[in-house]
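Reviewing the structure listed below.
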Amino acid sequence: MTAARSHDGPGPLRRAGRATGRALRAPFTGTARGIRKATHAHGAGESGLGKLIELHAVNGAGDVMITVALASTVFFSVPTDEARGRVALYLAITMAPFTLLAPVIGPLLDRLPHGRRAAMAGAMLARALLAITMSGAVATGGLELYPAALGVLVSSKAYGVVRSAVVPRLLPPKFSLVKANSRVTLAGLLATGVAAPIGAGLQTIGSPWPLYGACAIFVAGTFLAFTLPPKVDSAKGERRARLIDPHHEEESVPRPAPSKGSTRAGLRRGGNGEKPAKERPPGLRSVGGSVLHGLQANAAHRALSGFLIFFLAFLLREHPLAGQSAAVSLGIVGVAAGVGNACGTAVGSWLRARGPEIIIATVLGLALGVAILTAVFFSTLLVAALGAVAGFTQALSKLSLDAMIQRDVPEEVRTSAFARSETVLQMAWVVGGGIGIALPLNAVVGMSVAAGILALGAATSVRGLLGAARRGTPHPRVA
C-alpha cells in the first residue's frame with residue numbers, strides 16, 4: 001500500500017501549493033526573462049553590452065532614490081524662501097567643490113585603464129555607504145547631510161565617465177556606438193521611471209527609507225559591475241586624448257607616416273635628421289572641428305537642463321501653472337521632460353550615425369526657438385513644451401556627439417575622449433544650475449536666460465557644424 005502511494009506522486013494539496021507558487025512567481029520570472037531578452041538582443045549578450053545596460057538601469061534606480069530623499073528634505077519640507085536658501089547651500093557645499101573635482105575625474109580615470117570594473121563597483125559601493133550615512137541626517141536636514149551628498153554626486157559622475165569610456169569596448173559586431181548608447185540611456189530612463197514612484201512610496205513610510213532602498217540597489221550594482229566581461233579592463237592600444245583649442249590646429253596636425261626607407265635614427269629625429277621633436281598625445285582637434293563644435297552645442301543643452309531643473313522648481317512652486325497646484329505643475333514639466341528624453345533616445349537609435357552635425361545644429365535651433373516662444377508667450381502649454389523639447393534635444397544631441405566621436409576619433413584615444421567630454425558636460429550642468437538658483441522668480445526673465453544659454457551655444461557651434469557637414473569627413477562612417 002505504501003509503495004503504491006509513493007508512485008502516485010504528491011498529493012492534491014502539494015500539487016495545488018506548487019501550482020500556486022508557480023503562478024505567483026510567473027509575473028516576476030516572466031518579467032525578468034523579458035528584460036534579459038531585451039537587453040541581450042542583437043549580440044549585446046555575447047559582447048557584454050547587455051550586462052552594462054542592466055548595470056546602468058541599477059545606477060539610475062539608485063540615483064533617483066537618493067534624489068527623492070534629498071528633494072523631500074531640502075525642497076518640499078520647508079517654505080519656498082527657506083527652500084531657496086537650502087538649495088543654495090546645497091549648491092555651495094556640493095556643486096562648487098564638484099566644479100573643482102570634475103576636471104580631475106577624467107584624468108584620474110585615464111590612469112585606471114585596467115580597473116574600469118573596479119572603478120564602477122567602487123562608485124556603487126561608495127554611494128551605498130553614503131546613503132546609509134545620509135539616512136541619519138535626512139530628517140533634520142543638518143549640515144552633515146551635505147558632505148555626504150557631495151560624495152554621492154562625485155561618485156555618480158565618476159561612474160558616468162567610466163561608463164561612457166567602457167561602451168566602445170563592448171560594441172557587438174555591426175553595432176553603432178550611437179545605438180549602443182541609446183540602449184544604455186533608455187534603460188536608465190526606464191529604471192528611473194519605475195524607481196521614482198517606489199521611492200515616493202518609501203518616503204511616506206519615513207524619510208530614511210528611500211535611502212535604505214538606494215543602499216540595497218547600489219550593493220547589488222557593486223556585485224553586478226564585476227560580472228562585466230574582462231575586456232572592459234583591457235586598454236590595449238589606447239592613449240589619452242586632449243581637448244585642444246580649435247584656433248591651434250597646427251599643434252595637433254598628425255605627422256605623416258615615415259617612408260619605408262626611414263632608419264631608426266631618422267625616426268627618432270622626426271624622419272629627416274632634424275632635432276627630435278617632443279611627441280604629443282593626439283588631440284581631438286586632429287580629427288577635425290566637428291567633435292569640439294558638437295561638444296560646445298551639447299554643453300549648451302546640458303547647461304539648459306541644469307538651469308531649468310532649479311529655476312522651474314522654484315518658479316512653479318511659488319507661481320504654479322494656471323489652474324494647477326505646485327506639485328501638479330512640477331509633475332507636468334517633469335513628465336514632459338522625461339518623455340521628451342525617452343523619445344530623443346529612441347529617435348537617436350533609429351537615426352544612428354546619419355549626419356550628426358546636421359542633427360545637432362537642427363535640434364539646437366529647435367530648442368532655441370521654443371525657448372524664445374516660451375519667453376514671449378509664457379503659458380502652461382509652452383512650459384511643458386519647453387521641458388519636452390529640452391529633454392528631446394539633449395538626448396538626441398548627445399547621441400549625435402557620441403556618433404561623431406566614434407566616427408572621427410581614432411580608436412586609440414576614443415575612450416579617453418568620452419571621459420573628457422563627459423566631464424565638460426557635467427560642469428556645464430553645474431553652471432546652468434547655479435544660474436537658475438541666482439535668478440529672481442520671474443518667468444519672462446528666466447525663459448529669456450534659457451534662450452540666451454542656447455543662443456550662446458548656437459553662436460559658438462552651429463557655423464562650425466554646418467561647415468563640417470558641407471566639407472564631409474575623410475573618416476569612414478560607422479553604420
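The values are calculated or read from the model by the stated rules, or taken from the named source; none is laboratory data. Since the model is a prediction, treat every value here as computed from it, not as a measurement. Glycine gets a Cβ as well: all are built from the backbone with ideal geometry, and neighbour counts include every protein chain shown. Note: accessible area is taken over every heavy atom of the protein model, side chains too, but ligands, DNA and RNA are not part of it. Shrake-Rupley method; radii C 1.70, N 1.55, O 1.52, S 1.80 Å.
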* Asked: Between residues in the stretch 398-410 that are farther than 19 Å from Thr362 by Cα and residues that are of a type in the set (Val, Ile, Thr), which pairs lie under 6 Å by C-beta distance while being six or more apart or on different chains?
  -> Gln406/Val478; Arg407/Val478; Asp408/Val287; Asp408/Val291; Val409/Val287
* To do: Go through the stretch 299-311 residue by residue and tally those that are open to solvent by 10 Å² or more (accessible area, probe 1.4 Å) and either aromatic (Phe, Trp, Tyr) or under 17 Å from Val335 (Cβ atoms) (or both).
  => 4
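Does Ser379 satisfy being among the hydroxyl-bearing types (Ser, Thr, Tyr), open to solvent by 10 Å² or more (accessible area, probe 1.4 Å) and at pLDDT 80 or above?
Details: among the hydroxyl-bearing types (Ser, Thr, Tyr): yes; open to solvent by 10 Å² or more (accessible area, probe 1.4 Å): yes; at pLDDT 80 or above: yes.
In short, yes.
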* To do: Output the residues belonging to the stretch 167-179 that are over 13 Å from the mean Cα position of the chain (by Cα) and part of a helix (DSSP H, G or I).
  => Pro168, Arg169, Leu170, Leu177, Val178, Lys179
* Asked: Within the stretch 335-369, restricting attention to residues that are open to solvent by less than 20 Å² (accessible area, probe 1.4 Å) and over 20 Å from the mean Cα position of the chain (by Cα), which residue is modelled with the lowest pLDDT?
  -> Glu357
* Asked: Which ones in the stretch 213-228 are open to solvent by 50 Å² or more (accessible area, probe 1.4 Å) and not polar (S, T, N, Q)?
  -> Ala216, Val219, Ala220, Phe223, Phe226
* Asked: What are the residue pairs meeting all of these: first residue in the stretch 175-196, first residue within 18 Å of Ser400 (Cα to Cα), second residue small (Gly, Ala, Ser) and open to solvent by 50 Å² or more (accessible area, probe 1.4 Å), Cβ atoms under 8 Å, and 6 or more apart or on different chains?
  -> Ser176/Ala479; Ser182/Ala346; Leu186/Ala346
* Structure fact -> Scanning the stretch 315-331 for residues that are part of a helix (DSSP H, G or I) and surrounded by fewer than 20 Cβ atoms within 10 Å (Cβ to Cβ) gives Glu318, Ala326, Ala327, Val328, Gly331
* Could you check, for the stretch 190-212, whether at least one of its residues is open to solvent by less than 30 Å² (accessible area, probe 1.4 Å), closer than 23 Å to Gly340 by Cα and of a type in the set (A, V, I, L, M)? => yes
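Report yes if some residue within the stretch 375-392 is part of a helix (DSSP H, G or I), closer than 21 Å to Ser421 by Cβ and aromatic (Phe, Trp, Tyr); otherwise report no.
First, the residues of the stretch 375-392 that are part of a helix (DSSP H, G or I): 375-376, 380-392.
Checking the rest, the ones that are also closer than 21 Å to Ser421 by Cβ come to 390-392.
Imposing the further condition that a residue be aromatic (Phe, Trp, Tyr) reduces the set to 392.
Within the stretch 375-392, one or more residues are part of a helix (DSSP H, G or I), closer than 21 Å to Ser421 by Cβ and aromatic (Phe, Trp, Tyr).
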* To do: Just name the residue that is nearest to Leu108 (Cα to Cα) out of those in the stretch 143-167 that are open to solvent by 20 Å² or more (accessible area, probe 1.4 Å) and modelled with pLDDT under 80.
  => Glu144
* How many residues does the stretch 408-424 contain that are modelled with pLDDT of 80 or more and crowded, with 23+ Cβ neighbours inside 10 Å? -> 2
